[in-house]
Amino acid sequence: MNKYQKLFIDQTGDNLGRILKPGARSDERSVYRMLHSIKGTSGTIGLQAWYEASLRLLDDFDEHGDRVFSGEELSGKLAELSELLSEEQEAKPAGASAPNLGSLPNQASETAEGYDSSRSDAPSRTSETFGNLRNAIARSLGVPESSKSAPIPEAAASSDAAPMQAGEVIQGAKASPGSEVNRRSESGFRTGASGALAESEGTVLLLDDDLSLLALLKDVLEERGFTVFATPRFDKAVEWFYEMRPDCAVLDVLLPEQSGFELMERLRELCDNYMIPVVLITAKTDKATRLRAYENGADDFLSKPVDPEEFVVRIRRLTRRRSRLTGQLLLDQTTGAYGMPFLERELTRQIGSTDARREPLALAAVELDGLRRLNERTGYREGDRVLRTFSDAVRRMLRPRDIWARDRANRFYLMQPGFDAERSREFLEGALADESVLALLRPDGVSAVCGIIDVEAGSTRQQALAGALRALEASAGREPKPDGEGFASGMLPRKLRLAIIDDDPLIRNILERQLEGVEEEYGLEVRSFSDGEDFLSDPWHIESARYLLILDRMMPRMNGMEVLSRLRSGAYDPVYTVLMLTGVGDELGIAEAIRAGTDDYMTKPFSMIELEARVRRLLGKVEAMT
């Protein structure tokens, strides 16, 4: 049984346990959705008996029915599924846990308690989860291997320890040139035989309430070089759609909260503006559903069970078509500003001028502080309106030679040939202080922040853009501000912070060393914590900042799931982006983390290159929120 089938069986066992227990009451629509999900996923992952059983049982329930069933009634109606589940449980190795149909597993209790290091099985669980990882890191540091959780020599944990090589896999062995680790990275980059990072095939948003199918499709796409954001939550999908502007969205038609059709209706304008293709996926194959999908603007329609190879080909076709179309456009569809490709071309041309008396060239980066809070308070449509009206007001003041562009993170850039930084600063200061601009921003609690640099001859466009961003951060108070590099108007954006939360000091040391370059590049403030309680008890995590957490799921005292649940409970500001680390074979832990709202996950052992690339991708997302 592969990991997707195992996750499916465990998930289905939990669902059946909930609705079949004595005294339970389930409405017909929920039962239909469950069977519909079982049908689509089982067919996709190769569980033919489950597929055929669910297909037969669907005839007994109505998608729009209003009947209510007791657990006893459903036990009779769904007896075929219970028998299949019992067969799977009997086939499990001795000692393997199995869902109990009579009662729900107490997942909340397990999550809150984690594991007790005083229990007799705690050392074996620890070594089982971290043994290979610890030994591999120990080898890279010259420390003797051990399968037990032995104390770590101080020399090994010190900052003088030899760093792990960039291409090394935490399992211990270097990835061979043709290995899967070298071929792909699930972070938005693909690695070739040389280990060099290539651009992502595109960003894909997946929304499906079936976690086993969600995990399968996510893995399949990431193996082919896509950057994937996958969630079973409708609200999270909407948030990511607006924040990440994906190259393709794949939506399940039948969801517990709202249907894929309803989500399409909400996002139609954004899809049209950004030419984002939408694929609807469902186990329903009737003509009426297909026609409704296309009438509602779907670019493609896939029926479950899904063939993974065909799925990848169809998604790649749509993302590449979008890439070709957007590459030909000069203007950003929402704000009327130029797109970044045009700015980058013109910036390269200006820098490469052979005229020895090249005129001065100023480059400014501008962002709207408070836009994120406005989106959270009123919705993204209002935020887009503010971006558009602000951009229109500034563009009316520009000279014909000026270039005003917008990037995906909702920042604007202004390139002004013939102006040095000081003259550009005076111009922008006047423009942003203009009463027409202030009248647009003040009512919504939004203010403008900018940073400006002189673009030096001989520099690259990447250096110029990075310099403008550094000047923006300096003027916003995110680092000491050099005189004359920029100015700020209004409230300051939040700082970026990275927290590494893992109970193994050797692992924390390795992660810190691997991410040193990222720390310098993003101006991060990095801290390590031994467990969740250590992190939550430190006031550092509730200061005015945005946080990226590398969070181990299995830790003593307070484990990663409890930390994640607390952060997502509403008791804290929504300033935490979480990368969850889980053990190999921990499919239920992955499913639990997805439900609780993790932004991404990785299973140990993993490639350090892959980890760093994922961290960079998530930091890009965090930056867009500031």
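Numbers at a glance
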{"quantity": "Extended-chain gain in nm, criterion 0.36 nm per residue less alpha-carbon gap, residue 342 and residue 73", "calculated": "90.4 nm"}
{"quantity": "Estimated FRET transfer efficiency (residue 408, residue 290; beta-carbon r; R0 35 Å; 0.05)", "calculated": "0.60"}
{"quantity": "Distant-in-sequence amide H partners of residue 557 (H built 1.01 Å from N, under 5 Å)", "calculated": "115, 117"}
{"quantity": "Residue 333-residue 262 FRET efficiency (beta carbon distance; Förster radius 22 Å; 0.05 resolution)", "calculated": "0.40"}
{"quantity": "Distance in nm between pseudo-label sites at residue 568 and residue 376 (7 Å out along the Cβ direction from Cα)", "calculated": "1.7"}
{"quantity": "Above-threshold pairs, the threshold being 21 Å between Cα atoms, out of 39/604; 3/604; 39/218; 304/604; 6/621; 236/604", "calculated": "39/604; 304/604; 6/621; 236/604"}
{"quantity": "Packing-based order for 13-23, 511-521, using average beta carbon neighbours within 10 Å, highest first", "calculated": "13-23, 511-521"}
{"quantity": "Calculated FRET efficiency for the pair residue 310/residue 442, C-beta based, R₀ 51 Å, to 0.05", "calculated": "0.45"}
{"quantity": "Peptides ranked, highest mean first, by Cβ atoms within 10 Å: ranges 83-89, 63-69, 203-209, 241-247", "calculated": "203-209, 241-247, 83-89, 63-69"}
{"quantity": "Extension gain, residue 422 back to residue 401 (0.36 nm per residue minus Cα-Cα distance, nm)", "calculated": "5.8 nm"}
{"quantity": "Extension reserve of the residue 272-residue 516 stretch, reckoned as 0.36 nm per residue once the Cα distance is removed", "calculated": "83.8 nm"}
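Each reported figure results from applying straightforward, stated rules to the coordinates on display, with no laboratory input. This structure is a prediction, so every number in the text was calculated from the model and none was measured. With ideal geometry, Cβ positions are generated from the backbone for all residues, glycine too; neighbour counts draw on all protein chains shown.
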